[in-house]
Amino acid sequence: MPSRRPRKFQPESWLATLALAAICVISLGNVIVRYATDASFAFTEEFSVFCLVLLTFGGAAAAARHNQHIRIELIEHRLPPTLCKLIYVLQWAAGVTVLGVMVWYGSTFAWQEYQWESLSPGLGLPNWIYVIWLPLLSLAILIRLTQNLVDRLRGKSGPEVIHES
Amino acid sequence: QYKDEYTVSTVLPSAFPWGQAADKWVELVKERSDGRINMKIYSNSQLVAGDQTKEFSAMRSGLIDMAVGSTINWSPQVPELNLFSLPFLMPDYAALDAITQGDAGKAIFAAIEKRGVTPLAWGENGFRELSNSKRTIQEPSDLDGLKIRVVGSPLFQDTFTTLGANPTQMSWADAKPALTTGAVDGQENPLSVFDVARIDQVGQTHLTLWHYMADPLVFAVSNQVWSQFSPEDQALLKQAAIDAGQWEINKSRAELDDTLAAIKERGVEVTELTQAQHDAFVKATQSVYEKWTPRIGEDLVKQAQKAVTNRDQ
Amino acid sequence: MSPDWLMIGTFLFALLIGVPVAMALGFGGLAGIVAGLPPAMLGTFGTNTYNSVAKYPLIAIPLFILTGLIFERAGVAASLVRFAQAIIGPRHGGLTVVAVLVCLIMGGMSGSGPADAAAVAMVMLPSMQRAGYPKPFSASLIAASSSTAILIPPSIALILYSIVVPGVDLRALFAAGLFPGILAGLSLLIPALFFARKYRWEDPAVVDRPSFWPSFREAIPALFAPVIILGGLRSGLFTPTEAAVVAVAYGLVVGCLVYRNLSLRDLWHLMNEAALTSGVVMFIIALAGIFAWAGTTLGTFGHLADALLALSDNGWVLLGLVMILVLVAGMLLDAISIYLILIPIVLPMMNHFGWNPIWFGILLAMNIAIGQFTPPVAVNLMVTTRVANIRLEHTIGWSLVFIAAMLVSLLLVMLFPGIALWLPESLGYVVGAR
Ligand code: NA
Ligand code: NA
């Protein structure tokens, strides 16, 4: 049941896809190199894990655009349209509160890591260059949630997609 | 206004000397404050979702009130703490004590304070020994191609790369599964950890006593919490930490022989290095000093080396 | 209201008004922290959301999601169905056996149910309808049998369990899931065959049987996928993460070169879809991390565990209670949230009664698998009913039948731990005391 979403350019969706591709390439490269040469580039694990973070929050933002996060939809199917809109706003408000807190404290954390010159434990790179992506992508999720709310209030609903878990 | 309960973060729980050090601190503080100051221990770095290298940052931002932490795990935030990770800097316990109890120790506490956390006392995690699932290790070339789990600082990356091994940085929570599945061939940890965590059960059957470094533990308090205590209580917390640390240092050193015997009994092959073999490792790792001395601080490294040379023996 | 109840209440309220599970978890955690902890502790939203997902073993999750999608899109389901039909032949209920078998094999390629459910439903629903099976029955059966994908290795749920529960070997868990997964699948066949005979669905005279050898040849590449994944793990050639990426590579080779229905453009779209799905799953892990952190720091989980332990001294009674709790949670929540929320609560019980952690993990996984086709939140059923173009409500009757069947197999694994533990023990993994 392939979901054919409108393929507009979404930077966070590209970022997440590239991150997944990078994880595949690094991991596969590691397997091949290990069998071919008895060496491995274990140090790349720091990059792989960082790609996983990009994948997580970038993918979550892309999913938020079309309301594709796993949730219980029962109540919406049982309410009159006006109340339904109120529920949409409440859902949005809860999401935005959580993401707002993530943006705020994520930026604080990134700022502190920058200010105190913390280094990454594996490769010794400045740690803020990793951490900064958390508030940035949380902000992206927040924006996508809001765009989705506007769509839903206008009566446009995206194609529903079911995700695994 | 004091909190009902203060959070204390550790990496290892009560079964290990590390966890016992924290237990003792909590117990002494509670006793001496007549129950006014209560602390609760969260082990396995659970307050930072298992990522022990984020413990220091979390303490600085007030997410964690107190911690008994390892110098290795805090070195991403406090570069001076890499001092203890310099390979083969400290040949024995006297050398370790000479550093922590001397001027070098004071300089390190000042560095920790400068980075936003109040250090109180030293504890001990012990000399770290090398184990692996593949072969006996007696000389640097035996390490060729072995994938070794390390934690916390790129210095380890350099030490093990220099020795021809393949280091990978990984938190303790991820390490045991990785050893179990053979994703990683070896690891380095104090004997007490090797013993209690039953690392022999995950195929680590070759153990080399090479004493290449020891990571002291540091008892510390977040500045945000520290400033709220009265001067009397600050002194109380500090003295309790010093006493708990001394108690734990004595205890873990006294237990060492029994621990080693227990490990041997389980069929682990234990290799002790001869002086010549030891020297070969020292020689092989000199490049690490050239690279890391500027980052740690020339003065501090010199101070430490002097303390080691002049130690009581 | 105590912070404990405020946290749980806020979470449930948010969940019920349709806030996405991930954000409901974050919102509950937020309420708990604001009510019961100093404001500085909100900083956990800046560090622990990151730390919860920045873990190397979790890399296997997006990789196995991608594997599942690749095999789905490569069309292996169709060739497996033809092969199974060739073996089983036309008889009353024959197609139900085909559906279950194919779901079990597909489960050996993907880490979770919905991709399998979609693939099998698309191939089998039309032929089952032609053979006279009612749509709600077929949709329920496929949803239920594809839920075994989280038991048959690889399994995203079991990867998560091995991360949350210290000292559990993922390979042993994977091995332990195999027989309970097969048992669960077979248990579905008993009611399926009974009703197929009773209502005389699938007239043997009108269904054709594909010939054996050509369909076998076509199915070989698909049949090899589980062999490569399981064999690679068993031989110690690969770590689970490596097995996942090897499976991705194998899937690409099969899809692009053997079945020739994957192009580079498709590959990008597949990656994009996998990234999105992984984002949804991993975002739950990130915010469930906050909920778990708040629950731990507030002591909520400890209080709940104590309250449960105070209910009875009898291990079996409590095990039953835990299973009911997970079953109820399975009605409302997805697999990952259940693991991350309930494990900190039930782990003290596991330690208290000395339950084998691997066996217990499999029991939880079986129960969570049942949750994947228990309305109202039933990911697999949502997929199959959409393919069948029917409403989820129509399937409730049949779903109950299959839930009952799978509960029986759960009970069997509960009473005979050997069903789960025999394989990992004979493969020489450390499984701990029985
Ligand atoms: Na599976
Ligand atoms: Na459900």
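Values in this text are rule-based calculations from the coordinates and carry no lab data. What you see is a predicted model, and the numbers here were worked out from it, not measured in a lab. Cβ placement follows ideal geometry from the backbone for every residue including glycine, while neighbour counts extend to all protein chains displayed.
Note on chain B: with charges restricted to the Cβ of Lys and Arg (+1) and Asp and Glu (-1), its dipole about the Cα centre is near 600 debye.
For a paramagnetic label modelled on residue A:75 (point 7 Å from Cα along Cα→Cβ), amide N atoms under 11 Å away belong, within the stretch A:87-122, to A:87-92, A:94. Across chain A, the longest run free of exposed loop sites, meaning trypsin sites (Lys or Arg not before Pro) lying outside DSSP classes H, G, I, E and B with no more than 13 other Cβ atoms within 10 Å, spans A:79-153.
Whole-Hz Karplus values for the stretch B:101-115 come out as 8, x, 5, 4, x, 4, 4, 5, 4, 4, 5, 5, 4, 4, 8 Hz, taken residue by residue from phi with 6.51 cos²θ - 1.76 cosθ + 1.60 and θ = phi - 60°; glycine and proline positions read x. Whole-Hz Karplus values for the stretch B:205-215 come out as 9, 10, 10, 10, 8, 10, 6, 6, 6, 9, 9 Hz, taken residue by residue from phi with 6.51 cos²θ - 1.76 cosθ + 1.60 and θ = phi - 60°; glycine and proline positions read x. Counting neighbouring Cβ atoms within 10 Å and putting the fewest first, the residues B:287, B:33, C:337 line up as B:287, B:33, C:337. Projecting the Cα atoms of C:90, C:232, C:372 onto the charge dipole of chain C, computed from C-beta unit charges around the Cα centre, puts C:90 farthest toward the positive end. Dipole size of chain C about its Cα centre, with +1 on Lys/Arg Cβ and -1 on Asp/Glu Cβ: approximately 980 debye, rounded to the nearest 20.
Semi-axes of the equivalent ellipsoid of the protein assembly as shown are 49, 31, 25 Å, computed as sqrt(5λ) over the eigenvalues of the C-alpha gyration tensor in descending order.
Close amide-amide hydrogen proximity is noted between residue B:147 and B:166, B:185, B:186, each under 5 Å apart and 5 or more residues distant or on a separate chain (H modeled in the peptide plane; Pro and chain starts excluded).
Cross-link pairs exceeding 29 Å between alpha carbons, from the set B:54/B:283; B:40/B:302; A:85/C:135; B:147/B:283: B:54/B:283; B:40/B:302; A:85/C:135.
Overall, the protein assembly as shown carries a charge dipole of about 3740 debye about its Cα centre when +1 sits on the Cβ of Lys and Arg and -1 on the Cβ of Asp and Glu, all other atoms neutral. Summarising the amide proton neighbourhood of residue A:119: residues at separation of 5 or more, or on other chains, whose placed amide H is nearer than 5 Å comprise A:127, B:77. Ordering A:131, A:86, A:99 by the projection of their Cα atoms onto the charge dipole of chain A, which places +1 on the Cβ of Lys and Arg and -1 on the Cβ of Asp and Glu, puts A:86 at the extreme positive end.
Database remark: amide H of residue B:189 closer than 5 angstrom to the amide H of B:129, B:131 (H placed geometrically; neighbours at sequence offset of 5 or more, or on other chains; Pro and chain starts carry no H). Considering helices alone, the calculated mean residue ellipticity of chain A at 222 nm is -23000 deg cm²/dmol, with DSSP H runs of length four and up weighted by -39500 (n - 2.57) and normalised per residue. Computed over chain C, relative contact order equals 26 percent, with contacts defined as Cα pairs under 8 Å that lie 6+ residues apart. Taking the longest Cα principal axis of chain C as reference, the axis of helix C:94-107 is set at about 50 degrees.
Panel values: the stretch A:12-153, Kirkwood radius from alpha carbon pairs, Stokes-Einstein at 20 °C and 1.002 mPa s, translational diffusion coefficient 124 µm²/s. Shown is the FRET efficiency for residue A:28 and residue C:427, computed with R0 = 25 Å from the Cβ-Cβ distance and rounded to the nearest 0.05: 0.45. Within the same chain, aspartates and glutamates fewer than 8 places from residue B:114 are excluded, and of the rest, those with a Cα less than 13 Å from its Cα are A:117, B:80.
For the stretch C:245-404, averaging the sequence separation of C-alpha pairs within contact (under 8 Å, six or more residues apart) and dividing by the residue count gives a relative contact order of 19 percent. Taking other C-beta atoms within 10 angstrom as a stand-in for reagent exposure, B:278, A:66 fall in the order B:278, A:66, fewest first.
Label zone of residue C:209 (point 7 Å out along Cα→Cβ, amide N under 17 Å): in the stretch C:65-90 this covers C:81-90. Take each residue of peptide A:45-58, count the partner chain Cβ atoms within 10 Å of its Cβ, and average: the result is 6.
Residue order for C:182, A:32, C:159, fewest other beta carbons within 10 angstrom first, comes to A:32, C:182, C:159.
A simple spin-label model places pseudo-atoms 7 Å from Cα toward Cβ; at residue B:250 and residue B:94 they are separated by 2.1 nm. 3J(HN,Hα) couplings calculated from phi for the stretch A:107-120 with the Karplus curve 6.51 cos²θ - 1.76 cosθ + 1.60 (θ = phi - 60°) are, in sequence order, 5, 4, 5, 4, 4, 4, 4, 5, 4, 8, 6, 6, 10, 6 Hz; Gly and Pro show x. For chain C, the longest principal axis of the Cα atoms and the long axis of helix C:240-253 meet at an angle of about 30 degrees.
Give, as ranges by residue number, the residues of the stretch C:134-159 whose backbone N falls under 16 Å from the point 7 Å along Cα→Cβ of residue C:200. The answer is C:134. Rounded to the nearest 10 degrees, the inclination of helix A:133-153 to the longest alpha-carbon principal axis of chain A is 20 degrees.
For the stretch B:36-154, averaging the sequence separation of C-alpha pairs within contact (under 8 Å, six or more residues apart) and dividing by the residue count gives a relative contact order of 24 percent. Of the candidates B:232, B:27, B:255, which one comes out as most mobile in a Gaussian network treatment of chain B with C-alpha springs shorter than 10 Å? Sorting by GNM fluctuation, first place goes to B:232.
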